[in-house]
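Reviewing the structure listed below.
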Amino acid sequence: MSKPQAQPAAAAERALRDNDERFRLATQTGKIGIWDWDIVANHISWSESLYTIYGIEPGQTELNIEAFEARIHPDDRESVRASIARALREENAPTEIEYRALRADGKILWLFTTGKVVRVDGRPVRMTGATLDVTERKRAEIALRESEQRFSKAFNASPLSLTISSLVTGKLLEVNDTFVEITGYSRAEAIGKTTTELGVWAKPGDREEELAAVEAEGRLRNREYTFRMRNGREITGLLSAETIDVGGEPCALTVIQDITDRKQFEHALREADRRKDEFLATLAHELRNPLAPIRNGIEVLKLAPADSDKSSLVLAMMDRQLAQMVRLVDDLLDVSRISRGKIELRTEPIELSDVVRSALETSRPLIEEAGHRLVVELPDDTIVLDADFTRMSQVIANLLNNAARYTPRGGLVRLVVEASAEEAVIRVQDNGIGIPAPMLAQVFELFTQVDGSLAKSQSGLGIGLTIVKRLVEMHGGRVEAHSEGKGKGSEFVVRLPRMTARPGDMPSSAQTARAALPGSSL
């Protein structure tokens, strides 16, 4: 019976020795120290390793509670004092605390201390415990925390949409501020859901394609997808993704750059390039058209007597064709000068009816040639503008010419002038081919032509409306285009600031100009 009892006792002794050996080795490394505080005598005893931890030679200083507190970091003294006071006051109170301490050489330590209060007749007389140097662990924790903070700041400050999602469940684990701003989904709404559940993917199968590529290759680089925002707006995004490990779980860090504006700009550039090519083709055609009859006229003049009726007819034809070429070149020069800011307005008080008369003189031949009916409606009041007479006449003439060109033969062109106390309104209306809704915002852009079928016949170079818009804006006004659609005619409305007429402001020809205007129709 005695043998079986001896074996457990021997095992317990070996375990106790092993534990003592581990404790001895730990204290020898200088990481763990033992202390004992005689509360009544206010004397503290340290193990040799505690002196090593604090960088003090044994016996170098008197150890008491005040000396101990002096070695605690100033920012942590109150919390340590409070913990000690609670342990002395309350039985079974926790006596574990982590704090910073100061070594003799000034370096800062992180220490973890645990202790036990010994009481006699309920009064605390001693306190013993152990102190562990956890500086390396705390520094690692602090470095990790600071790294996480830097990552969090960079993550949220990024102008790109960033998300972290599980490759196992597909659910979002984190999203940044840009994702919230672009998509319209808050963090609370997004985290814990998949992007498919949020409806972010505009096209079926795109999410599965992205996941398959990331899982197969571990990454995805610069692939374009269409994404749908919470408000229904769709954007084009350039997506990149990388597999990362988050707490042992495979995840994807996904980066999306909103390139919608860039794609629209690229489209606009391609469209502008297309219109430029069409313009060059039209320009070549428009310049070649007058050259052929002029060349033929020259050959006729070589053969016909100079004073014959035939010569007169040929010269008149050549003069018309040359005038057409001059008009084309003038338009090109005007749009170039306006674009480069080389045109300066010569403004003065002018009467709008005078401007209308001048514009009608310019546009009448084209309107009559097309067989259109022209209706002009003017108010009884005198309308005075502070404007450049020549340029305002050019604005109205261009609008009339545009109406004449884009209206089938025998159509109606109306010029209506209205006025309020603040502004003058000029309306040019026609019952021509109309403007499709998508083109309304583009008709004032350079080289834009509404109907390509007219490009090689009568539609001109497509720069007249550009000149109109820029000249009107230079006068502090604005111009608008309206149409109910293809085949339903068009209306262009110019609004200009009105000037209050004063005696002596008006040129003396104003009243005669009004008298010369057609009253209703042509």
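Quick notes on this one:
- Summarised in one figure, the compactness ratio Rg/Rh of the range 113-200, Cα atoms and Kirkwood Rh, is 1.39.
- Ranked by how many other beta carbons lie within 10 Å on average, peptides 226-235, 267-276 from highest: 226-235, 267-276
- Charge dipole (the range 306-376, unit charges on Cβ, about Cα centre) - positive-most of 322, 349, 333: 333
- 3J(HN,Hα) along the range 241-248: 9, 9, 7, 9, 9, 10, x, x Hz, from the Karplus curve 6.51 cos²θ - 1.76 cosθ + 1.60 with θ = phi - 60°, whole Hz, x for Gly and Pro.
- Euclidean distance of C-alpha centroids, the range 349-380 and the range 101-122, integer Å: 101
- Per residue, the convex hull volume that the Cα atoms of the range 158-258 enclose (Å³): 89
- The residue list 46, 85, 124 was ranked by how far each Cα lies along the charge dipole of the range 25-139 toward its positive end, using unit charges on Cβ atoms, and 85 comes out on top.
No value in this document is a laboratory result; all are computed from the given coordinates. Model, not experiment: these values are computed from the prediction. Ideal geometry is used to build each Cβ from the backbone, glycine not excepted, and the neighbour counts take in all protein chains shown.
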